Amino acid sequence: MKAVRIHEFGGPEVLKYEDIPEPQPGPGEIRIRIIAAGVNPMDWKMRKGLVGKLPLPMVIGLDVAGVVDSLGQGGVFFQPEEEVFAKLSMGDGGYAEYTVVDSNQVARKPGSIGFVESAAIPTAGLAAWQALFDIAGLEKGQSVLIHGAAGGVGTFAVQFAKWKGAFVVATASGTNVEFLKSIGADAVINYTNQRFEEIVCNMDVVLDTVGGDTFDRSWGVLKPGGFLVSTVEGISEGAAEEHGVHAQTLITRADGKELARISEVIDEMKVKPVVTNILPLSDAQKAHEMSESRHTRGKIVLLVGEDPL
Ligand SMILES: NC(=O)c1ccc[n+]([C@@H]2O[C@H](COP(=O)([O-])OP(=O)(O)OC[C@H]3O[C@@H](n4cnc5c(N)ncnc54)[C@H](OP(=O)(O)O)[C@@H]3O)[C@@H](O)[C@H]2O)c1
């Protein structure tokens with residue numbers, strides 16, 4: 001099969017589009033014939049060796065949508081030809097024609113959208129859902145500030161928070177202000193010419209997907225007892241207590257049941273994945289260059305097979 005592998009850590013040029021053997025499903029695993037593979041910043045962090053020295057060679061990619069191709073033995077509740085999507089574990093390999101994955105990480109894909117949009121969901125959708133609801137416990141009527149709102153995680157977070165009935169404030173550059181209002185943000189702060197801490201205060205929740213100075217300045221905009229969740233920054237000991245709030249770093253779980261719940265919300269037409277770039281699998285290098293710019297809107301997806309929608 002065709003796959004995009006790395007044999008060494010480094011720049012986009014270490015991504016090699018090559019022929020490798022098809023993987024075989026073990027007990028409790030499913031083999032998926034991949035139609036589309038989502039791209040995440042974690043993919044280029046893995047490629048650069050920033051996530052530890054993972055075993056090489058390795059097929060990159062964590063998010064896939066496709067069709068169940070074959071089943072391993074035992075405990076697999078899917079049938080061949082079912083249309084599914086999944087968040088993979090590191091090293092399973094999503095930039096390929098086939099992958100094998102633990103069936104607990106798989107869900108039926110939303111029926112209302114195609115494989116490309118479905119492949120955009122797993123990591124970013126689960127990250128937004130887990131940060132807002134499982135960790136911060138965001139409720140109807142509460143307020144949330146979402147940093148990096150125009151990105152992969154942010155575009156899901158804005159829509160999930162709105163669906164929940166929260167008041168949503170987003171940060172982005174000027175080119176994304178109107179776009180973010182169109183997907184549900186109640187207010188958008190252009191971080192290139194406004195300081196968010198001079199505009200908002202007393203927020204119930206802040207979701208930080210940017211880090212650095214943005215993270216540091218976020219403590220002060222929370223109400224007492226509020227919740228700061230970051231996808232990128234560790235929380236130093238005692239920091240939350242010092243500010244009188246709660247704080248946690250997200251580590252996204254690959255959870256098929258939660259993915260199925262997200263699929264339902266998408267089929268209710270309350271949330272729509274934002275896919276702005278679709279490239280062939282053989283263009284993974286270009287996809288990584290785009291993602292590393294840190295200024296793509298929504299998601300980049302690699303097309304592996306033919307999406308009938
Ligand atoms: N811990 C976890 O489990 C977990 C899970 C998922 C993601 N992550 C991490 O979370 C981060 C975000 O992921 P992602 O997929 O959303 O990334 P992404 O799609 O690459 O995010 C790009 C977006 O960030 C925005 N942005 C850049 N600088 C900004 C700033 N200073 N203020 C506000 N917005 C800014 C850009 O908007 P403009 O173009 O308008 O600037 C752009 O739309 C990544 O580092 C990723 O690795 C971690």
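Remarks
- Test: residue in the stretch 16-29 that is in the same structural domain as Met290 (by TED's automatic domain parsing), touching a helix residue (DSSP H, G or I) at 6+ places or on another chain (Cβ under 9 Å) and within 23 Å of Ala124 (Cβ to Cβ): no
- Scope the stretch 26-52; condition surrounded by 15 or more Cβ atoms within 10 Å (Cβ to Cβ) and within 15 Å of the ligand (Cβ to nearest atom); matching residues: Ala37, Gly38, Val39, Asn40, Pro41, Met42, Asp43, Trp44, Met46, Arg47, Lys48, Gly49
- Scanning the stretch 123-137 turns up one or more residues that are away from the ligand (no atom under 16 Å from the Cβ), assigned by TED's automatic domain parsing to the domain that holds Val200, more than 30 Å from Pro55 (Cα to Cα) and surrounded by fewer than 24 Cβ atoms within 10 Å (Cβ to Cβ).
- When each of Val100, Val76, Val84 is tested for being surrounded by 17 or more Cβ atoms within 10 Å (Cβ to Cβ) and over 23 Å from the mean Cα position of the chain (by Cα), the lone residue that passes is Val76.
- Filter pass, Phe133 being outside any loop (DSSP other than H, G, I, E, B) and free of Cβ contacts under 8 Å to residues at least 60 places away in the same chain: yes
- Members of the stretch 269-282 that are surrounded by fewer than 19 Cβ atoms within 10 Å (Cβ to Cβ) and modelled with pLDDT of 95 or more: Lys272, Thr276, Asn277, Ile278, Leu279, Pro280, Ser282
- Breaking point among (1) without any contact (Cβ under 8 Å) to a residue 24 or more places away in the chain; (2) hydrophobic (A, V, I, L, M, F, W, C); (3) within 10 Å of the ligand (Cβ to nearest atom), for Leu180: (1)
- The listed residues are Val144, Val205, Val188, Val169, and the only one of them that is assigned to a strand (DSSP E or B), farther than 28 Å from Ala260 by Cβ and more than 10 Å from the ligand (Cβ to nearest atom) turns out to be Val169.
- Single residue of the stretch 247-260 satisfying the filter (without any contact (Cβ under 8 Å) to a residue 40 or more places away in the chain and surrounded by fewer than 19 Cβ atoms within 10 Å (Cβ to Cβ)) that is nearest to the chain's Cα centre (by Cα): Ile251
- Selection within the stretch 89-98 - of a type outside the set (Asp, Glu) and either part of a loop (DSSP other than H, G, I, E, B) or within 14 Å of Gly28 (Cα to Cα) (or both): Ser89, Met90, Gly91, Gly93, Gly94, Tyr95
- Residues of the stretch 12-52 that turn out to be free of Cβ contacts under 8 Å to residues at least 60 places away in the same chain, within 22 Å of the chain's Cα centre (by Cα) and at negative phi, as a count: 5
The values are calculated or read from the model by the stated rules, or taken from the named source; none is laboratory data. Everything quoted here is computed from the prediction, not taken from an experiment. Don't worry about glycine lacking a Cβ; one is built from the backbone with ideal geometry, like all the others, and counts go over all protein chains shown.
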